[in-house]
Structure formats: C-alpha cells, structure tokens
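Data block below; observations after.
The values are calculated or read from the model by the stated rules, or taken from the named source; none is laboratory data. Quantities reported herein were computed from a predicted structural model and do not represent experimental measurements. Glycine also receives a Cβ, built like all others from the backbone with ideal geometry; neighbour counts cover every protein chain displayed. To get the accessible areas, we keep the full protein, side chains included, count just its heavy atoms, and leave off ligands, DNA and RNA. Shrake-Rupley method; radii C 1.70, N 1.55, O 1.52, S 1.80 Å.
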Amino acid sequence: MNLRCADCGQEFPAATRQWRCDCGGVFEISERPRLDRDKIDAKVSTLWRYRAMFPTIKTEHIVSLGEGGTPLVPARAYGVEFLAKLEFLAPTGSFKDRGTTVLVSFLKELGVTEVVEDSSGNSAASLAAYCARAQIQCRIFVPAHASPAKLKQIRAYGAELIPVEGPRENAALAVQQAAQSSYYASHVYSPLILEGTKTIAYELWEQLDGRAPDAMLFPTGHGTLLLGAYYGFRDLLEAGLIAEMPALHAVQAEACAPLYKIYKENLSELPDIPQGETIAEGIRIRRPVRWKAIIRAIRETGGSVVIVSESEILSAQRELAHQGLYVEPTSAVAVAGLQRPLPEMGDELRKQLIVIPLTGSGLKVPS
Ligand SMILES: [Zn+2]
C-alpha cells in the first residue's frame, strides 16, 4: 500500500512519517483494496469482519474495543421517517472509533510508540482510548480555552494534554511542530481514517439486506464520515452489489458553513470565512482539509449542502431525545437538515429510504 498526494500525485511509502505532501496536498491511498463479499468474516461482529478490505495488519497488531455493528432504528422528525444509525453507541461514544481502530492498529503494525494530535473533541477522545489500549503514548495539543468538560474524557484515558494559548490555529501549528519528531495521528489528514469509516456503508448494505439507502444526511465539518461512506458505497457499486449510490447530503451549522458557500457559489478555492460560534462544536471547521473530495462526492451522488440555524439544531436535538435518542448537538444537525428541500427528492422525500448516522452521545455534552 502506498500513499498518494491528492493534488500532485506524488507517491509516498505507507510508513512515511510525513502527514501531507511537500506541495501541501492531502494523502489518499493509491490503490484501495477492492470489496469482495466472500471475504467478509461473518463470525466477527465488529467492523473487523471487513478486515480483508483494510490495509494488511497482523492479527497481533489489531487494536479493537468492539467498534462497529451499530444498530439501525426507525425514527421520525418533521414528518419524515428515517432510519437512525446509532453511531453514538461506539466504545468512546462517537463514530470516530471506526477510523481510529484502523489507524491505531496500522500504527502498531509500523511500530509507532508515540503520537500527537490536535483536537479537543471526539477524535482526541477516541485516539486517546485506542492509544491507551495499544500502549502508545499520546499527546494532545488543545486550545488553552477548550471546554474542561470535553477534556475530561481525553485525560481519563491517560493522554497528555498540552494547552496552547491563542486562537485554535495555534494548537494546529504546535502539533505540526511536534510532528517533526513524533507521529501525527490526525483524523483529518490520515487516509487510514477513511478506510475505517467506509465500513458504515458496508454495514448498512448488510443491515438493509443488500441494498443502499436512497439518501443519507451527515453533520459535516471535515467530512470524514461522509467521505468514508462515499468510498464504502463506491466499493459496493464497483463490486456490483448495489445498483446506485445514495445521495449524500452534508448539513452544516449556518454559523460556520464553508462547504455551503463553495457548493452554492460554485467556488474553486476554499473561501476565507469567519469561524462563527455554534453549539455544534464538532463541525465548527473553517477550513475542511478534504473539501474538494467532499464537494465531488456530493455532486456525483446528487446530494447537496444545506445549512441549519442554532434554534433548529436545538429543536432537532429535543425531537430525537423525545424518541429516546440522546445525542450531542453536533449530531442533531443532520436531523435538522430534514427541514430543508433536498434536490432530486422534493415530494418524493416521504417515500425515500433515508439513513441518518447519529454521530455522538449526548452524555459527552450534558446541557
Ligand atoms: Zn503533492
């Protein structure tokens, strides 16, 4: 397996300590493993049942906490029926564990003993947990003003937290400095993350008895779940196991919606937008690193980008809680998006098979 720059095409060995190309482009995997339904290991209930479709990792290097295999339950909001994929039931309470289990297992395979990361939310909590399990030393750079509640879970797993003064960008700069001597286990930059998140598509195909949903809605910041789903469904399509790709819709918080601006105005550059305040802190991302791939996936599948207001996010969160589904505000963003007219759907919306992943537990951000 090699890594390849998405911008200039230069190839790098998978064991590289570089986290992006010299030209600044992000890495993708040069030849992704193909999906073979006969290679799904039905005896395994975690996402490691799809191990044959992952980069090669020896059994003794697999770092697993039982991730994947999340339930799919009927729900309803704003008069629309959908299936909720309960990703918040993952070992650390968010979908991030899908990517982390593959990334950390791969790091174990490489013999990496220490990593750095710069999130203050669900990715860092997930990385800290899997590193604890793998006995890999984990240092997380966080903005000095990050909310203490969010940091508790990360610290509990034994990760070292390094507060960085100034705006959020400073933590990113500090981690990039540290990455010169340590492995940057980034949820945003590492393409291994997408190899893990793609399993949500494989799982849905199995849960829906061999079909894809008509549409999916995702709360979208850096877009790793949307992109992972895109890769997974494309694998299914190429293997002849589904007839059509689901329409992938990205839902952003109005206060911080760069993808919406790119989509609406057909921009060819990442716009410089202010980082507005939103309760959906998991997707408060000004500069999504893989924005080109996200926009391409959305256009190719007939999806869209829509925005929702703060009050709509809160109302969607309540709507879910009143059906027994307790999620963090970021997760409610996707459900709030059901109020928007989605292209290609119109009045057909009510007849469609819609799946919405509920990405993070409400227990993480008790209000
Ligand atoms: Zn490049």
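When a/c is below 1.5 the answer is rounded, else prolate if a/b is larger than b/c, else oblate, so apply that to the range 47-140 with a ≥ b ≥ c taken from the square roots of the Cα gyration tensor eigenvalues.
On the way: a/c = 3.21, a/b = 1.70, b/c = 1.89.
Oblate, since a/c reaches 1.5 and b/c is not below a/b.
Given H placed 1.01 Å from N in the peptide plane, which residues other than close sequence neighbours of Val164 have an amide H under 5 Å from its amide H?
Counting only residues 5 or more places away or on other chains, the set is Val142, Ala144.
Under 14 Å from a point placed 7 Å out from the Cα of Arg299 along the Cα-to-Cβ direction: which residues of the range 253-290 have their backbone N that close?
Only 260-270 fall inside the zone, counting backbone N under 14 Å.
In whole Å, how far is the Cα centre of the range 2-76 from that of the range 227-286?
20
How many nm separate the modelled label positions at Arg17 and Leu241, each set 7 Å beyond the Cα in the direction of the Cβ?
Those two pseudo-labels are separated by 3.8 nm.
Averaging over all projection directions, find the projected area of the Cα convex hull of the range 97-184 and quote it in nm² with one decimal place.
On the way: hull surface 20.3 nm².
Value for the range 97-184: 5.1 nm².
Please say if the chain is rounded, prolate or oblate, where rounded means a/c under 1.5 for a ≥ b ≥ c the square roots of the C-alpha gyration tensor eigenvalues, and otherwise the choice is prolate for a/b larger than b/c and oblate otherwise? Mind dumping the intermediate values first?
Working: a/c = 1.36, a/b = 1.16, b/c = 1.18.
Note, shape of the chain comes out rounded.
Could you sort 284-290, 300-306 so that the peptide with the highest average Cβ count within 10 Å comes first and the rest follow in order?
Taking the mean over residues of other Cβ atoms within 10 Å, the ranking is 300-306, 284-290.
Under a Cβ-only charge scheme (Lys and Arg +1, Asp and Glu -1), can you give me the dipole magnitude of the chain about the Cα centre, in debye to the nearest 20? Kindly include the intermediate steps, with their values, before the conclusion.
Details: 39 positive and 42 negative charges, 93 e Å.
Using Cβ point charges on Lys, Arg, Asp and Glu, the chain gives about 440 debye.
Determine the percent antiparallel among the DSSP beta bridges restricted to the chain, to the nearest 5.
On the way: 14 of 39 bridges.
Counting DSSP beta bridges with both partners in the chain, the antiparallel share is about 35 percent.
Relative to the Cα centre, what is the charge dipole magnitude of the range 97-184, using +1 at the beta carbon of each Lys and Arg, -1 at the beta carbon of each Asp and Glu, and rounding to the nearest 20 debye? Each step should come with its number before you reach the end.
Values: 8 positive and 8 negative charges, 58 e Å.
That gives a dipole near 280 debye.
Going by a ≥ b ≥ c, the root eigenvalues of the Cα gyration tensor, does the range 216-353 fall in the rounded group (a/c under 1.5), the prolate group (a/b larger than b/c) or the oblate group?
Working: a/c = 1.69, a/b = 1.13, b/c = 1.49.
In terms of gyration-tensor shape, oblate.
Do the sum for the chain: with -39,500 (n - 2.57) for every DSSP H run of n ≥ 4, divided by all residues, what is the mean residue ellipticity at 222 nm, to the nearest 500 deg cm²/dmol? Walk me through the numbers on the way to the answer.
Working: 11 runs with 116 residues, N = 367.
Estimated from H runs of four or more residues: -9500 deg cm²/dmol.
Explain nothing, just compute: Karplus ³J(HN,Hα) = 6.51 cos²θ - 1.76 cosθ + 1.60, θ = phi - 60°, for every residue of the range 17-31 in order, whole Hz, x for Gly and Pro.
For the range 17-31, the Karplus curve yields 8, 6, 9, 7, 6, 4, 7, x, x, 8, 7, 10, 8, 5, 10 Hz.
What FRET efficiency comes out for the pair Gln177/Asp209, r = Cβ-Cβ distance, R0 = 56 Å, nearest 0.05? Could you put the intermediate results ahead of the total?
Numbers: r = 50 Å, r/R0 = 0.89.
Using R0 = 56 Å, I get an efficiency of 0.65.
Can you work out the Karplus-derived ³J(HN,Hα) for every residue in the range 282-293? Use 6.51 cos²θ - 1.76 cosθ + 1.60 with θ = phi - 60°, whole Hz, and x for glycine or proline.
x, 10, 7, 10, 6, 10, x, 4, 9, 4, 5, 5
Could you order the peptides 38-45, 11-18 from most to least packed, using the average number of other C-beta atoms within 10 Å per residue?
Working: 38-45: 10.2, 11-18: 13.2.
The densest-packed peptide leads the list: 11-18, 38-45.
I'd like the carbon and sulfur percentage of the solvent accessible area for the chain, probe radius 1.4 Å, heavy atoms only, ligands and nucleic acids excluded.
That share works out to 48 percent.
Please compute the per residue accessible area over the chain with all protein chains in place, 1.4 Å probe, rounded to a whole number of Å². If you can, show how the numbers build up before the last one.
Numbers: 15200 Å² over 367 residues.
Ligands and nucleic acids excluded, the result is 41 Å² per residue.
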